[in-house]
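Structure first, then comments.
The values are calculated or read from the model by the stated rules, or taken from the named source; none is laboratory data. Keep in mind the model is a prediction, meaning the values are calculated, not measured. Quick reminder, even Gly has a Cβ in these numbers, built from the backbone with ideal geometry, and neighbours come from all protein chains shown.
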Amino acid sequence: MVNGTIRAQAAATRKVDVAIIGAGPAGLTAGYLLTKRGFSVAIIEKDHTYVGGISRTVEHEGYRFDIGGHRFFSKSQQVVDLWNEILPDDFIQRPRMSRIYYEGKFYSYPLRAFEALWNLGLVRSTLCMASFAKAKAFPNKKVKSFEDWTVNQFGQKLYSIFFKTYTEKVWGMPCDEMSADWAAQRIKGLSLWGAVTDGLKRSLGLNKRPNDGMQTKTLLETFRYPRLGPGMMWDAARDKIVATGKGEVLMGHSFKQLAADGQGGWRLSASGPDGDVVIEAGHAISSAPMRELAARLHPLPQTTLEASRLKYRDFLTVALKIRSEELFPDNWIYIHDSKVKVGRIQNFRSWSPEMVPDESVACVGLEYFCFEGDDLWDSSDDDLVALATKEMAILGLVSPDKVIGGVVVRQEKAYPVYDDEYAANVAAMRSELEARHPTLHMVGRNGMHRYNNQDHAMMTAMLTVENIAAGARVYDTWCVNEDAEYHEAGNEGAEQSIPARVALSEDQAAALASVRDVPERIAPAKAA
């Protein structure tokens with residue numbers, strides 16, 4: 001092991017039960033659970049140093065920063081139990097605070113109606129309420145875009161203030177070209193009326209648990225977090241996989257091709273620091289972007305053209321070290337201001353004090369949303385640090401002379417784009433691959449082109465493991481997060497059961513039966 005990574009030996013062919021593409025939350029969850037059950041696995045990861053994908057923790061000169069901010073909160077008790085099993089002793093409880101910055105003022109997030117209306121002033125507040133009333137009285141009945149959905153929910157005025165600028169900054173496209181699916185999935189259940197009633201309950205102390213007089217702790221108020229960042233979780237998962245003797249994690253290995261072997265199994269090839277490696281397996285699990293998987297499958301899917309139309313939004317973080325004990329108490333701040341390019345600012349000490357080793361220095365991460373290859377992405381690190389320093393001053397958050405250093409981290413394909421044709425393209429590829437390749441499993445955010453949270457990505461892997469162990473697709477991985485409630489509310493572990501089993505069609509059952517005729521390709525390998 002070198003710097004926490006597992007290096008591949010030279011290019012011999014490996015034979016395992018399951019080959020896994022990507023060592024993010026989904027890939028490592030699958031690898032961990034499979035090796036516990038006695039299956040042998042090999043995982044390829046293109047990063048040379050870090051596992052965890054977008055949930056990794058980057059370290060620079062003793063400072064640690066999370067790529068995007070990842071609270072460890074889940075309504076699924078199975079996910080909570082798995083976190084506790086993998087990382088039993090290193091969670092800390094953290095207060096949750098985030099706000100919106102708009103025209104020099106801060107607004108709580110989720111929005112608190114009375115605070116928002118007070119900050120906006122009498123005239124603008126009146127216009128917001130009139131706009132909201134109009135939207136409820138005369139809603140758009142043909143909801144197709146993010147703009148349609150959000151205006152129906154909040155009214156045109158509140159949409160233009162609190163949703164339009166930030167959303168277009170994140171996605172790099174007009175809100176009327178974005179699918180309403182994104183709004184329905186990410187802010188489902190949040191309403192202006194709900195914000196008003198929640199504000200009243202908080203003011204009157206009515207949001208308490210019965211009999212104990214204590215306020216209920218939900219995602220709105222507190223969350224758990226690994227003391228050194230989410231990378232602790234995924235480093236531990238990787239190490240446990242390797243320690244079983246049933247799994248290996250090949251760092252610095254880029255996905256080249258996944259070829260069907262004609263017997264229901266797979267031949268995965270990847271390029272690494274010591275040359276190419278080949279992995280033969282009965283099952284393949286892919287958390288690679290669907291577009292990338294389609295282009296590297298052999299034989300090529302008939303839906304490769306549809307998959308090629310899937311789009312992704314890229315992302316970079318500029319971490320600044322600032323001579324200051326503390327700047328603001330928030331975990332992060334959403335920047336709804338068109339004068340700057342930054343979309344969100346993380347405060348790493350508010351995530352965990354251990355992320356920042358010097359008590360006299362604050363460390364913040366300015367997040368910029370971009371497309372790989374555009375001017376922002378291709379800017380030099382020095383120019384990006386200068387831009388971030390300048391924008392902190394424009395926002396009035398810090399004086400440039402307080403900045404004592406900075407570093408840039410780029411993250412490609414951070415967000416699957418929900419444009420107006422994404423759903424049809426995903427459905428076409430999913431339908432073909434499930435029918436033709438029952439031993440190929442797509443998991444995770446990019447693997448399913450679905451804006452899942454970390455716990456949802458893990459659940460898709462957990463259900464996939466159940467299907468592999470059963471030798472049949474008895475659980476529908478695509479139902480995860482399908483009917484999710486608003487993701488800023490709820491109680492941890494409230495959902496005790498995993499999603500329901502699915503009924504198989506005659507064609508699916510026949511295809512899976514043919515795979516089971518080759519038991520040595522799907523049964524756990526015997527211990528050496």
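Look at (1) modelled with pLDDT of 95 or more; (2) closer than 30 Å to Y109 by Cβ; (3) in contact with a Leu (Cβ under 8 Å, 6 or more places away or on another chain) and you find that I468 fails only one, number (2). When E412 is tested against (1) outside the structural domain of D476 (by TED's automatic domain parsing); (2) part of a loop (DSSP other than H, G, I, E, B), just one condition goes unmet, and that condition is (2).
Return yes when E326 is farther than 26 Å from Y101 by Cα and either out of contact with any Phe, Trp or Tyr (no Cβ under 6 Å at 6 or more places or on another chain) or not aliphatic (A, V, I, L, M) (or both) and no when it is not.
Taking the combined requirement at face value, the residue does not satisfy it.
Reported count of residues in segment 302-314, each being in a loop (DSSP other than H, G, I, E, B) and either surrounded by fewer than 19 Cβ atoms within 10 Å (Cβ to Cβ) or within 21 Å of the chain's Cα centre (by Cα) (or both), is 4.
Listed here are the residues, each with its yes/no results for (1) out of contact with any helix residue (DSSP H, G or I) (no Cβ under 7 Å at 6 or more places or on another chain); (2) charged (D, E, K, R); (3) closer than 27 Å to A393 by Cα; (4) in contact (Cβ under 8 Å) with a residue 40 or more places away in the chain.
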position	(1), (2), (3), (4)
R71	yes, yes, no, yes
V80	yes, no, no, yes
Q93	yes, no, no, yes
Y101	yes, no, yes, yes
F114	no, no, no, yes
L120	no, no, yes, yes
V123	yes, no, no, no
C128	no, no, no, no
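For beta carbons closer than 6 Å, sequence separation of 6+ or different chains, a first residue in segment 364-392 that is at negative phi and surrounded by 20 or more Cβ atoms within 10 Å (Cβ to Cβ) and a second that is small (G, A, S) and not in a strand (DSSP E or B), the qualifying pairs are L366/A388; E367/G343; F369/G343.
Listed by position, the helices (runs of 4 or more DSSP H) enclosed by segment 78-164 that each have at least 3 residues that are hydrophobic (A, V, I, L, M, F, W, C) and out of contact with any Asp or Glu (no Cβ under 6 Å at 6 or more places or on another chain) are 113-120, 122-137, 146-154. Of the residues V58, V51, the single one that is modelled with pLDDT of 95 or more and assigned to a loop (DSSP other than H, G, I, E, B) is V51. If you go through segment 90-107 and pick out every residue that is surrounded by fewer than 17 Cβ atoms within 10 Å (Cβ to Cβ) and either in contact with a Ser or Thr (Cβ under 9 Å, 6 or more places away or on another chain) or modelled with pLDDT under 95 (or both), you end up with 7.
Read through the list (1) under 30 Å from E292 (Cα atoms); (2) in a helix (DSSP H, G or I); (3) of a type outside the set (S, T, Y); (4) touching a Leu at 6+ places or on another chain (Cβ under 6 Å), then give the number of the only condition that R445 fails. The number of the failed condition is (4).
Based on what the data block shows, is L111 crowded, with 17+ Cβ neighbours inside 10 Å and within 20 Å of the chain's Cα centre (by Cα)? The answer is no for L111.
Is it the case that segment 220-231 has a residue that's in contact (Cβ under 8 Å) with a residue 12 or more places away in the chain and either of a type in the set (D, E) or closer than 20 Å to H441 by Cβ (or both)?
yes
The number of residues in segment 415-429 being buried (at least 18 other Cβ atoms within 10 Å of the Cβ), part of a helix (DSSP H, G or I) and either at pLDDT below 95 or charged (D, E, K, R) (or both) comes to 1.
Going by the conditions given, is G38 on the phi > 0 side of the Ramachandran plot and not assigned by TED's automatic domain parsing to the domain that holds Q454? So G38 does not fit the description; no.
The number of residues in segment 315-333 being assigned to a strand (DSSP E or B) and more than 13 Å from M392 (Cα to Cα) comes to 5. Would you mind stating whether Y368 is modelled with pLDDT under 95 and in a strand (DSSP E or B)? No; evaluated as a whole, the condition is false for this residue.
If you go through segment 230-258 and keep only what is crowded, with 17+ Cβ neighbours inside 10 Å and assigned to a strand (DSSP E or B), you end up with G247, E248, V249, L250, M251, F255, L258.
Among what's in segment 265-286 and is out of contact with any Ser or Thr (no Cβ under 9 Å at 6 or more places or on another chain) and hydroxyl-bearing (S, T, Y), pick the residue that is farthest from G471 (Cα to Cα). Here the residue is S269.
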